Amino acid sequence: MRVFVTGATGFIGSAVVAELIGAGHQVLGLCRSDAKAAALAAAGAEVFSGSVDDLDRIGQGAAQADGVIHLAFNHDFSTFAANCEDDRRVIAALGAALAGTGKPLIVTSGTGMAKTLPGQPATEEQGAISAEVIPRAASEEAANAVAETGGNVSIMRLPQVHDPVRQGLVSYVIPVAREKGVFAYVGSGTTRWPAAHISDVARLYRLAIERAAPGAIYHAVAEEGVSARDICETLGKRLNLPVRSITAEEAPGHFGWLAMFVSHDMPASSAITRAVLGWAPTGPDLLTDLARLQLSEP
């Protein structure tokens, strides 16, 4: 299978490219940097020069493949809402390029987009909340629009994807703690984030593109929920910083844009995903990777 991968040189994309090639697939990887293009080619992928900002160009890439995995996303949270709407347009362009072919498109979202009851884990059966509530849900809305026109689109919801270098939103908590001199959690610290090791997530993307099931929603969740307090205590030991509780009222001043995430309990299940795709995570858990965090200069 020839797979067009956007975000092919990113944290998750690089792992997905390696997983696909290791399983015998061909990869056409979108890349806008000459330096990263060399690494992508060295990994065994065919480089497709371009950017998600050029909708015509990504449509051309999609048309040359047997399926598409869309991973690219602008993580500049100062323009978060605009980035989410950009992603909506990218997904529409990819869907249009694949229209009438039956070729699969996998769109990336987050487990926090699922409609769920307080305290209950999000499941694959739950639809997404509105983008008016959380802008990132625009990606799922775009996927649903592609599906309504007959496109073979599925959704991959990600938790905190980690290794000893990067850990999803946790990676953004670390510089805040270094600046403030403390790892803080809100209230009792019982709010939870789901997690999965990068190797397990890459394998799940491969399984999903191979299955090519229209309308499927997958949860790349190895751990249903790791508590904020456990995360902070593990990081506090690793960076030799104190850990303390703050109130919900203090959270915006302490965390900035991160406050909307750290204050919410977001457990998620992957029971359906495991049963349907035979996915069994084997990578290290989040706290293990945080305990061996590879430190960089502040």
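Summed over region 284-298, residues that are touching a helix residue (DSSP H, G or I) at 6+ places or on another chain (Cβ under 6 Å), in a loop (DSSP other than H, G, I, E, B) and either surrounded by fewer than 19 Cβ atoms within 10 Å (Cβ to Cβ) or of a type in the set (Val, Ile, Thr) (or both) total 1.
Each row is one residue, and each column tells you yes or no for (1) touching a residue at least 12 places away in the same chain (Cβ under 8 Å); (2) buried (at least 19 other Cβ atoms within 10 Å of the Cβ); (3) part of a loop (DSSP other than H, G, I, E, B); (4) of a type in the set (Ser, Thr, Tyr).
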residue: Ala97; (1), (2), (3), (4): yes, yes, no, no
residue: Leu105; (1), (2), (3), (4): yes, yes, no, no
residue: Thr108; (1), (2), (3), (4): yes, yes, no, yes
residue: Gly112; (1), (2), (3), (4): yes, yes, no, no
residue: Leu117; (1), (2), (3), (4): no, no, yes, no
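Checking each residue in region 240-276 for being loosely packed, with under 15 Cβ neighbours inside 10 Å, outside any loop (DSSP other than H, G, I, E, B) and touching a helix residue (DSSP H, G or I) at 6+ places or on another chain (Cβ under 9 Å) picks out Arg244, Ser245, Pro252, Gly253, Gly256, Trp257, Met260. Gln26 fulfils the conditions (1) more than 18 Å from Ala212 (Cα to Cα); (2) over 18 Å from the mean Cα position of the chain (by Cα) except for a single criterion, (1).
Condition check ((1) hydrophobic (A, V, I, L, M, F, W, C); (2) at pLDDT 95 or above; (3) not assigned by TED's automatic domain parsing to the domain that holds Pro135) across all residues:
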site: Glu19; (1), (2), (3): no, yes, no
site: Leu55; (1), (2), (3): yes, yes, no
site: Ala72; (1), (2), (3): yes, yes, no
site: Phe77; (1), (2), (3): yes, no, no
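From the list Ala42, Ala23, the lone residue that is more than 27 Å from Ala145 (Cβ to Cβ), surrounded by fewer than 17 Cβ atoms within 10 Å (Cβ to Cβ) and without any contact (Cβ under 8 Å) to a residue 40 or more places away in the chain is Ala42. Screening Gln126 with (1) over 17 Å from the mean Cα position of the chain (by Cα); (2) closer than 13 Å to Gly95 by Cα; (3) among the polar types (S, T, N, Q) gives one miss only, at (2).
When Thr190 is tested against (1) surrounded by fewer than 22 Cβ atoms within 10 Å (Cβ to Cβ); (2) under 12 Å from the mean Cα position of the chain (by Cα), exactly one condition is not met: (2). When every residue of region 55-65 is checked against the conditions, none turns out to be touching a residue at least 60 places away in the same chain (Cβ under 8 Å), out of contact with any Pro (no Cβ under 6 Å at 6 or more places or on another chain) and part of a strand (DSSP E or B).
Going residue by residue through region 27-34, is there one that turns out to be of a type in the set (Asp, Glu), free of Cβ contacts under 8 Å to residues at least 40 places away in the same chain and surrounded by fewer than 15 Cβ atoms within 10 Å (Cβ to Cβ)? Yes, because at least one residue in region 27-34 is of a type in the set (Asp, Glu), free of Cβ contacts under 8 Å to residues at least 40 places away in the same chain and surrounded by fewer than 15 Cβ atoms within 10 Å (Cβ to Cβ). In region 4-20, which residues are in contact (Cβ under 8 Å) with a residue 60 or more places away in the chain and either in contact with an Asp or Glu (Cβ under 7 Å, 6 or more places away or on another chain) or assigned to a loop (DSSP other than H, G, I, E, B) (or both)? Result: Gly7, Ala8, Gly10. Given the condition out of contact with any Leu (no Cβ under 7 Å at 6 or more places or on another chain), within 20 Å of Ile198 (Cβ to Cβ) and loosely packed, with under 15 Cβ neighbours inside 10 Å, answer yes or no: does some residue in region 56-72 qualify? Within region 56-72 (the criterion being out of contact with any Leu (no Cβ under 7 Å at 6 or more places or on another chain), within 20 Å of Ile198 (Cβ to Cβ) and loosely packed, with under 15 Cβ neighbours inside 10 Å), the answer is no, since none of the residues qualifies.
Here Val201 meets each of (1) of a type outside the set (Lys, Arg); (2) in the same structural domain as Pro135 (by TED's automatic domain parsing); (3) in a strand (DSSP E or B) with one exception, condition (3). You will find that of Val182, Val170, Val176, Val165, the residue that is at negative phi, crowded, with 21+ Cβ neighbours inside 10 Å and either among the β-branched types (Val, Ile, Thr) or touching a helix residue (DSSP H, G or I) at 6+ places or on another chain (Cβ under 6 Å) (or both) is Val170 and no other.
The values are calculated or read from the model by the stated rules, or taken from the named source; none is laboratory data. These numbers were taken from a predicted model, which means no experiment stands behind them. Positions of Cβ are generated from backbone atoms using ideal geometry, with glycine treated the same way; all protein chains shown enter the neighbour counts.
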